[in-house]
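The structure appears below as structure tokens.
The values are calculated or read from the model by the stated rules, or taken from the named source; none is laboratory data. Keep in mind the model is a prediction, meaning the values are calculated, not measured. Using ideal geometry, Cβ is built from the backbone for each residue, glycine included, and neighbour counts are taken over all protein chains shown. For the accessible areas, the whole protein counts, side chains as well, though only heavy atoms, and no ligand, DNA or RNA atoms are used. Shrake-Rupley method; radii C 1.70, N 1.55, O 1.52, S 1.80 Å.
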Amino acid sequence: MKSNQIYLRFLSLLHAIENSDELPQMDLEAKRLLEVIAIRFDQKTPLTVTEAMALNDIASPATLHRKFTQLLNLGLVDAVFKDR
């Protein structure tokens, strides 16, 4: 399969998922933060609070904190506190 076909299939699947009633509605910043958290979780390197607050390409630290709280309230992420 050609790369442009793969990308178009990916977009088609993404739109189908986003337009379903299965997922709660989120804005772009919350989705991007959730994507980063999911990727890091899959890589077995969970995102720390410090790393999350440094994602200034997504939003400001205050906005990121608000979006993380939204994701927590939606039950899409968990906060785990660890002592070093």
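Summary of computed values
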| item | result |
| --- | --- |
| Flag for Asn4 being part of a loop (DSSP other than H, G, I, E, B) and exposed (fewer than 14 other Cβ atoms within 10 Å of the Cβ) | no |
| Unique residue being of a type outside the set (Phe, Trp, Tyr) and in contact with a helix residue (DSSP H, G or I) (Cβ under 9 Å, 6 or more places away or on another chain) when the list is Asp27, Asp21 | Asp27 |
| Filter result (over 18 Å from Ala62 (Cα atoms) and surrounded by 10 or more Cβ atoms within 10 Å (Cβ to Cβ)) within the stretch 18-35 | Glu18, Leu23, Pro24, Glu35 |
| Near pairs, Cβ below 8 angstrom, 6+ apart or cross-chain, from the stretch 63-84 (open to solvent by 60 Å² or more (accessible area, probe 1.4 Å)) to any residue that is outside any helix (DSSP H, G or I) and among the charged types (D, E, K, R) | Leu72/Asp78 |
